[in-house]
Amino acid sequence: MQFFELICKAYLKRDIEFKSSFEVISKFISFVISNGDFKDLHFGKGFKHYVFKSFYPLEKDKIYKKGETYEFTIRSLSEDLIDYLSNALRENINNPNFQVLTTTKRVVKQHFITELYTLSPTIVSISQGKFWTMEQSGDILLLQRLLHDNLEKKYNDFYKLKLNPMQNFIQLLEIKNRKPQNILISKNGKSIRFFGNKFRIIPHEDEVSQKLAFMALGAGLGEKNSFGGGFCLGKGVMV
């Protein structure tokens, strides 16, 4: 297993608030995908198998400044998609928000993972229009099952192979936020909030659990990954 990472340096054409950055980046990526070789991925239903991290570094006032350069990162299980985006993002100069100046590709091979940390809210649906939060549910075992099932489905969908897990991949889960986190987007002139949480996760050490933990790094944990949800960092041992 491996995933592919694209580090993008962007020049901002206007000020962008942190709360708006997920929508700004996700819509640009979606626009580029929808107008090229991967338009079927954009318009089709199902997993997109990519996730991104918003602009870095974050300013103290949480406003990314016009005229400055920042980095954002895209990860995908698909090398073809990353290679396409590497060129297409730089070539698209009509984006009113920012211009991608350079892209740097990195290949990350599977390695042993001791911990996962989510940098962006991890979104988990419990019913139509409702997301898992301590207030809405509070059922940690349900949360762990939904996170596990989502990663297993992603693995099956991308690799066309079925895993046979003996246990949930999560050995320990710690919720890092006191209040629900959210990702704000707009659709048809209406604002939509996806509510989620930030986690520290220790995965089990067996083969299937480690594969699913690596999937979380490469394709995102939970749902709404193409909107920036569930971007993870990991601790572990590179082989």
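Might you check whether a residue that is closer than 30 Å to GLU71 by Cα, outside the structural domain of SER21 (by TED's automatic domain parsing), modelled with pLDDT of 95 or more and of a type in the set (S, T, N, Q) occurs anywhere in the range 191-198?
yes
For the range 192-219, give me each residue that is of a type in the set (Val, Ile, Thr), outside any helix (DSSP H, G or I) and touching a residue at least 24 places away in the same chain (Cβ under 8 Å). It would help to see each step written out before you state the result.
Step one: filter the range 192-219 for residues of a type in the set (Val, Ile, Thr), giving 192, 201-202, 208.
In the following step, the residues that additionally are outside any helix (DSSP H, G or I) were identified as 192, 201-202.
Correct list: ILE201, ILE202.
Could you check the range 206-236 and list, in sequence order, the residues that are over 25 Å from PHE55 (Cβ atoms), surrounded by fewer than 24 Cβ atoms within 10 Å (Cβ to Cβ) and not hydroxyl-bearing (Ser, Thr, Tyr)?
ASP206, GLU207, VAL208, GLN210, LYS211, GLY236
So which residues in the range 36-58 are in a loop (DSSP other than H, G, I, E, B) and touching a residue at least 40 places away in the same chain (Cβ under 8 Å)? If you could, list the steps in order and put the result at the bottom.
Initially, the range 36-58 is screened for residues in a loop (DSSP other than H, G, I, E, B), giving 36-38, 44-49, 57-58.
The answer is GLY36, ASP37, PHE38, GLY46, PHE47, LYS48, HIS49, LEU58.
Need the failing condition index for PHE131 against (1) buried (at least 20 other Cβ atoms within 10 Å of the Cβ); (2) farther than 25 Å from PRO203 by Cα, just the number.
Only one criterion in (1) buried (at least 20 other Cβ atoms within 10 Å of the Cβ); (2) farther than 25 Å from PRO203 by Cα is unmet by PHE131, namely (2).
Kindly indicate whether any position in the range 142-157 is in contact with a Phe, Trp or Tyr (Cβ under 9 Å, 6 or more places away or on another chain) and assigned to a loop (DSSP other than H, G, I, E, B).
There is no residue in the range 142-157 that is in contact with a Phe, Trp or Tyr (Cβ under 9 Å, 6 or more places away or on another chain) and assigned to a loop (DSSP other than H, G, I, E, B).
May I ask you to verify whether VAL51 is modelled with pLDDT of 95 or more, surrounded by 13 or more Cβ atoms within 10 Å (Cβ to Cβ) and of a type outside the set (Gly, Ala, Ser)?
Values: modelled with pLDDT of 95 or more: yes; surrounded by 13 or more Cβ atoms within 10 Å (Cβ to Cβ): yes; of a type outside the set (Gly, Ala, Ser): yes.
In short, yes.
Of all residues being modelled with pLDDT of 90 or more and surrounded by 14 or more Cβ atoms within 10 Å (Cβ to Cβ) in the range 134-144, which is nearest to ARG178 (Cα to Cα)? Just the residue, please. If you could, list the steps in order and put the result at the bottom.
First, the residues of the range 134-144 that are modelled with pLDDT of 90 or more: 139-144.
From the residues that got through so far, the ones that are surrounded by 14 or more Cβ atoms within 10 Å (Cβ to Cβ) too are 143-144.
Working: LEU143: 16, GLN144: 18 Å.
Only one residue tops the list, namely LEU143.
The values are calculated or read from the model by the stated rules, or taken from the named source; none is laboratory data. Please read all numbers here as calculations on a predicted model, not as lab measurements. Using ideal geometry, Cβ is built from the backbone for each residue, glycine included, and neighbour counts are taken over all protein chains shown.
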